[in-house]
Amino acid sequence: MPIHTVHPLTASPRDSAADFSRPSTLGEVLQARAETVERRAPLRRCTRLYVVGGVLFGLAFVLCGFVVDALWRGWSLSPQHVKDLLHTNPLHAIIATAPLVLGAVFGLLGLRQDRLRRELALRMSAQELARFEASHDSLTGCANRRQFQDNLIEGLQGAGETRLLALVLIDIDHFKHVNDTYGHYAGDELIRLVSRRLSTLARGGDTLARFGADELGLLWLDMPDEEAVQQRLEELDRLFDTPFLLETYSLRVTVSAGAALAPLHGQDPVSMLKAADIALFRAKADGRGCHCLFSDEMGVALRRRRRIELGLDQAVRSPDQLTVFYQPLVGPDGHTIRTAEALVRWTLRDGTSVGPGEFIPIAEETGLIWPLGEWVMRRVFAQANRWPQVVIAINLSPVQLRRSSLISLIEALVLEYDVQPARIEFEVTEGVLLENHAVIQDNLDALRAMGFRIALDDFGTGYSSLSYLRKFAFHKVKIDQSFVRGIGVSSESEEIVRAIVSIGRALGLRLVAEGVETREQFEFLRGIQCDEFQGYLFAHPMPHHAFWEHLHGPLDSGRPAPPLWPQDESLPARDSLSPSEA
């Protein structure tokens, strides 16, 4: 596979156009040195020719002198006559051999001077190579983090209202997938190719740097206004419209970019890097493959996220702030409770609540979903056998399903709490099906083999196909509430719901309608033969004691509700998570 040359990616205002022909990787530096030595080869050949030519000239001069003298005297050029000539005229021989001696002397001096020049060039090459290694990335030839920060400090000194500096942080999207699928050599080559494309955006005194792995940075100087920066960012997005060729594979790759402007968003390196990092995080949250320019609102959102992340870590370690709520699923009569979905709720010590839609994604990204999920399973397993008439559904995150130790954990909990697997139902989302992960398939198969039920949640919002429904052998499909809300409002939503129910019936699946809030929705869904219904029309999520009342009627002093969780038990220690498992 050919290695494309990457042009130098750093320049100062004094750099000329010729400077951009310098090599940019260590291999190219050594190659350039070899080319320099090759260019000097004619000089060395000239020196050798000078020596040989001097010797031959001296010999020719001597020979010509002998010939002329012999002809003048009328002698033949026999060895005896040459010997007689040297005896009769020794001065002639000395003068004749002078060029020979001078040629040899000057030739030796030339060889000595050439050797000194080569030694000096080698010492200079070693020093230049050391300086290059200290300030550049060895894989791409880009500036490294240290050089980038030095250039950023220098650039900030000249930034002003009429001369903006743009700092752009770039991540290659899903780069780990490339390494895992095609190998690390292909990953290194992809980084080189991405750097080469990005180098077209480094103009004049701009800088492109690689910080490590798939993280890169661009420093744009002398930007006239924010609109010019936006245009350059859009140009960055268009660079990746064309796929990359890795060996025989055509690979389409996108990047996420976050940008900050000086002096608008900061006047020192720390604040600029922080602002660009916030913008990069926002670009990833928006779906990746795009860019985002920092704004003050992003800073507020990120600070809240950091507080949630820190608070959630503390809540998982000391779960007095966490509670499991239960929302009933009723049958066609609207009263019989067949299933209840377990939903975790988080209430801060000041009484404010954080919604699951806000803290669950953070838990998944940080790896906290594993200890949080274990805590929920322990609570539910402890309660399951106390409600034998109800199946309790637990949501499983894709992060949990990707972990090979999930089954061993559940097996241990089943033995610890002596729970019947038939009393537990695990819900997974459609996104899990798209990953085609072998561990996910094995875990789902193992859960079914143990006797647990598997339900597909939020059906219709992702990319499920009939092949997925047959492959994973679900027991139940839950119709997403976005379609249920359209009943009575949109005929299109009604037709989609009818189609889902028809498919489910054909595959022998139980159908559950989520988000039922009106009588009209309930009557429509019951009319097309949905099996279970969940929504505010029947009950809101409720804590343990309220759910007990919902099942058995109001509590009285003679029949207290059993505690959901023994007071003397605590959350098991959180184990370490590797980056791949988190």
Those residues of region 418-428 which are within 31 Å of the chain's Cα centre (by Cα) and either farther than 17 Å from I454 by Cα or among the acidic types (D, E) (or both), in sequence order: E427
Residue list for region 313-336, filter: modelled with pLDDT of 90 or more and touching a strand residue (DSSP E or B) at 6+ places or on another chain (Cβ under 7 Å): L322, T323, V324, F325, Y326, Q327, P328, L329, V330, G331
Residue identified as in a helix (DSSP H, G or I), of a type outside the set (G, A, S), over 26 Å from V390 (Cα atoms) and at pLDDT 90 or above among R526, R498: R498
Cross-chain or 6+ apart pairs with Cβ under 9 Å, region 270-296 first and open to solvent by 70 Å² or more (accessible area, probe 1.4 Å), then among the charged types (D, E, K, R): F281/R305; R288/D171; R288/D173
Contacts under 9 angstrom Cβ, first residue in region 211-227 being in contact (Cβ under 8 Å) with a residue 40 or more places away in the chain, partner assigned to a strand (DSSP E or B) and of a type in the set (K, R), 6 or more apart: L216/R210; G217/R210; L221/R163; D222/R163; M223/R163; P224/R163
Qualifying residue in region 243-255 (condition: at positive phi and at pLDDT below 90): yes
All positions within region 342-365 that are open to solvent by 40 Å² or more (accessible area, probe 1.4 Å), β-branched (V, I, T) and within 22 Å of the chain's Cα centre (by Cα): I360
Residues within region 403-417 that are farther than 15 Å from F452 by Cβ and surrounded by fewer than 17 Cβ atoms within 10 Å (Cβ to Cβ), tallied: 3
Test for V255: is it buried (at least 16 other Cβ atoms within 10 Å of the Cβ) and β-branched (V, I, T): yes
In region 492-515, residue surrounded by the fewest Cβ atoms within 10 Å (Cβ to Cβ) [restricted to those that are free of Cβ contacts under 8 Å to residues at least 12 places away in the same chain and of a type outside the set (S, T, N, Q)]: G508
Where a residue in region 480-491 is open to solvent by 50 Å² or more (accessible area, probe 1.4 Å) and at pLDDT 85 or above and its partner, wherever it lies, is part of a loop (DSSP other than H, G, I, E, B) and not polar (S, T, N, Q), with Cβ under 7 Å and at least six apart: Q481/E514; Q481/G515; R485/G515
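The values are calculated or read from the model by the stated rules, or taken from the named source; none is laboratory data. These figures come from a predicted structure and were not determined experimentally. Every residue, glycine as well, gets a Cβ built from its backbone with ideal geometry; the counts of neighbours run over all protein chains shown. What goes into the accessible areas is simple: the full protein's heavy atoms, side chains included, and nothing from ligands, DNA or RNA. Shrake-Rupley method; radii C 1.70, N 1.55, O 1.52, S 1.80 Å.
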